[in-house]
Every structure is written in structure tokens, then in C-alpha cells.
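Read the structure below first, then the notes.
The values are calculated or read from the model by the stated rules, or taken from the named source; none is laboratory data. None of the values given here were measured: they were computed from a predicted structure. We place every Cβ from the backbone using ideal geometry, glycine too, and count neighbours over all the protein chains shown.
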Amino acid sequence: MRCAIIADIHANLEAFTAVLEDIRKRGGVEEVWCLGDIVGYGPDPHECVDLMRRQKHIAVAGNHDLAAIGKITTDQFNPQAAAAVEWTIRQLSQSDVNYLLSLPLVVEKDDFTLVHGSPRAPIWEYITSTQIASENLLHFETPYCLFGHSHTPVTFRCQENGDCVLQLLEEETMLALGRERLLANPGGVGQPRDGDPRASYAIFDREEKAIRFHRVAYHIANTQAKMLKHKLPSSLITRLSFGL
Ligand code: ZN
């Protein structure tokens, strides 16, 4: 049994399509696990929701998903992100909205807890330090947690005393799942922020008891051209070139 772990697609259909193709080339998976933010920032929110719904998948909601359906306000978004949310709201069909409304904030699946931000605060909290990772150990019961939101492939391996160690995950790193509790982020599909513009995702292999991290090049210029056409904020367009 293999599952793809993906997060932060952000309405980037080119990146999402390239990741699905890469998964297929690697022999496919039984299920896609999505850690939220299917929409927001990018030019193809409807198409990305539609493509996700055609996968056998489970998904949790991200802050951009919830803002795009009016479940949270954009008060805590920066002006560019808020502008993209306003545009996104106008692109979604009622069926897209209903689907996003149906997404839970937390899902427990096998040995994993799936969230967008963190187990403690699934919508907003960024797990960016060993301190935050350690505090979050009290907020999930499974051995492992999968999260997104920071758009960076990273893991926090935690000892029984709660001390956690941060490891940035290079392409093709294999993360062995043992007795240690850990929290892992597959990185962002549609808006990576670790300085590598390629889409980032991971595959969990139950037999191997491991998660392997992958990077996939995609047609960034095509995504940017669509964003330009829709007059999305220029800073959101340029950042895709740099993975920032
Ligand atoms: Zn995001």
C-alpha cells in the first residue's frame, strides 16, 4: 500500500498535474492524502478542486480553502494573499464550495494525524521550530503527524522526553518510520518556499515503513502567464520562479 502525501497545491494546475504524472511514473499510489490549501494564490482553483475530486483521496482544509468559501475572514492574510482570495471566491462553482465545506480540519489515518497547520491549531499555526513541534506532541495521539502550511519539506523527529530535532528533507530522502514520534511536511506542490521552485511532495510506503520525498519540475511560465492574465498580484507571480 502506497499513498501520496501532498500539500499546498494553491490552484497551480501545472504543478499539480506534474506531480500526479510523477506519481504515475513511479508506479502509482492507492490513495492521495492532501494536507490542505488546494486553492488560493494560483490561477486554477476550480480545475484543481475538480482534479482532486477525481483522485481517490482524503483531504483536510487549509486556511486558504476556508477563506475562499467564507468560513474564515482574510483579516490575517497579507494584502496579496487576500486579493487572491477575493479573486478565487469568484472562480469556484457551488459544487467546489460544497466540496471545500465538507473538508475536516483533522483526519486520523492509520498511524498518522493529517492537518494543514498543526495539530494544536490546524488552520493557522506554522510548525517552524523544534519548540513548536515539541509542544504539538501533546495534541495528537498517533505516532506520526503530517502537516503543510509552511511549504517546506521538513521533519521533526522527537524523543520520548519531547525533545525534537529538525531535518530539512532533500530530494529523494527516505524517512524511515520507527518508534520515534515525528512530524513531517512534504513541502508545497504549487508554491514551494524552500528556495527550490520545483513542486514538492512525498510517497508513503507501508511495506517499507518509510516516506520518500520527491521534487518535480513543471511549466512555471504557464502558471505565471495565467496569473498575469487574471491580474493576480505580481509578487505572487514572481515568487514561483524562485521557490520563495
Ligand atoms: Zn499554503
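In the range 1-18, which residues are more than 25 Å from ILE89 (Cβ to Cβ) and either within 16 Å of the ligand (Cβ to nearest atom) or free of Cβ contacts under 8 Å to residues at least 60 places away in the same chain (or both)?
ILE5
Are any residues in the range 204-223 of a type outside the set (Ser, Thr, Tyr), buried (at least 21 other Cβ atoms within 10 Å of the Cβ) and in contact with a helix residue (DSSP H, G or I) (Cβ under 7 Å, 6 or more places away or on another chain), and if so, which ones?
HIS214
So for the range 34-53 (the condition being at pLDDT 95 or above, farther than 15 Å from LEU232 by Cβ and exposed (fewer than 15 other Cβ atoms within 10 Å of the Cβ)), does at least one residue qualify?
Yes, the range 34-53 contains a residue that is at pLDDT 95 or above, farther than 15 Å from LEU232 by Cβ and exposed (fewer than 15 other Cβ atoms within 10 Å of the Cβ).
I'm trying to understand the selection: among the residues of the range 2-17, which are of a type outside the set (Val, Ile, Thr), under 27 Å from TYR144 (Cα atoms) and out of contact with any Cys (no Cβ under 6 Å at 6 or more places or on another chain)?
Answer for the range 2-17, where residues must be of a type outside the set (Val, Ile, Thr), under 27 Å from TYR144 (Cα atoms) and out of contact with any Cys (no Cβ under 6 Å at 6 or more places or on another chain): ARG2, CYS3, ALA4, ALA7, ASP8, HIS10, ALA15.
With respect to ILE58, determine if the residue is under 17 Å from the mean Cα position of the chain (by Cα) and at pLDDT 95 or above.
The answer is yes for ILE58.
List the strands (runs of 3 or more DSSP E) that sit entirely inside the range 154-244 and contain at least 2 residues that are within 17 Å of ARG26 (Cβ to Cβ) and of a type outside the set (Val, Ile, Thr).
174-176, 199-205, 210-216
Any residue at all in the range 122-130 that's assigned to a helix (DSSP H, G or I) and at pLDDT 95 or above?
Within the range 122-130 (the criterion being assigned to a helix (DSSP H, G or I) and at pLDDT 95 or above), the answer is yes, since at least one residue qualifies.
Given ILE89, ILE72, ILE58, which one is under 15 Å from LEU100 (Cβ atoms), surrounded by fewer than 19 Cβ atoms within 10 Å (Cβ to Cβ) and within 16 Å of the ligand (Cβ to nearest atom)?
It is ILE72.
So in the range 185-210, with the set limited to residues that are free of Cβ contacts under 8 Å to residues at least 60 places away in the same chain and among the small types (Gly, Ala, Ser), which one is nearest to the ligand (Cβ to nearest atom)?
Out of the qualifying residues, it is SER200.
Given the criterion within 30 Å of ALA210 (Cβ to Cβ), out of contact with any Ser or Thr (no Cβ under 8 Å at 6 or more places or on another chain) and either outside any helix (DSSP H, G or I) or in contact (Cβ under 8 Å) with a residue 12 or more places away in the chain (or both), identify the matching residue among LEU66, LEU103.
Going through LEU66, LEU103 in turn, just one is within 30 Å of ALA210 (Cβ to Cβ), out of contact with any Ser or Thr (no Cβ under 8 Å at 6 or more places or on another chain) and either outside any helix (DSSP H, G or I) or in contact (Cβ under 8 Å) with a residue 12 or more places away in the chain (or both): LEU103.
Could you run through the range 19-54 and say how many residues are part of a loop (DSSP other than H, G, I, E, B) and either within 16 Å of the ligand (Cβ to nearest atom) or acidic (Asp, Glu) (or both)?
Summing the residues that are part of a loop (DSSP other than H, G, I, E, B) and either within 16 Å of the ligand (Cβ to nearest atom) or acidic (Asp, Glu) (or both) in the range 19-54 gives 11.
Look through the range 131-149, keep the residues that are in contact with a strand residue (DSSP E or B) (Cβ under 7 Å, 6 or more places away or on another chain), part of a helix (DSSP H, G or I) and of a type in the set (A, V, I, L, M), and return whichever of them is nearest to the ligand (Cβ to nearest atom).
ALA133
If TRP124 satisfies every condition in (1) away from the ligand (no atom under 16 Å from the Cβ); (2) closer than 29 Å to LEU20 by Cβ; (3) touching a residue at least 24 places away in the same chain (Cβ under 8 Å); (4) surrounded by fewer than 16 Cβ atoms within 10 Å (Cβ to Cβ) but one, which is the exception?
It is condition (1) that TRP124 fails.
Determine whether the range 150-160 contains at least one residue that is within 13 Å of the ligand (Cβ to nearest atom) and crowded, with 22+ Cβ neighbours inside 10 Å.
Yes, that holds for at least one residue.
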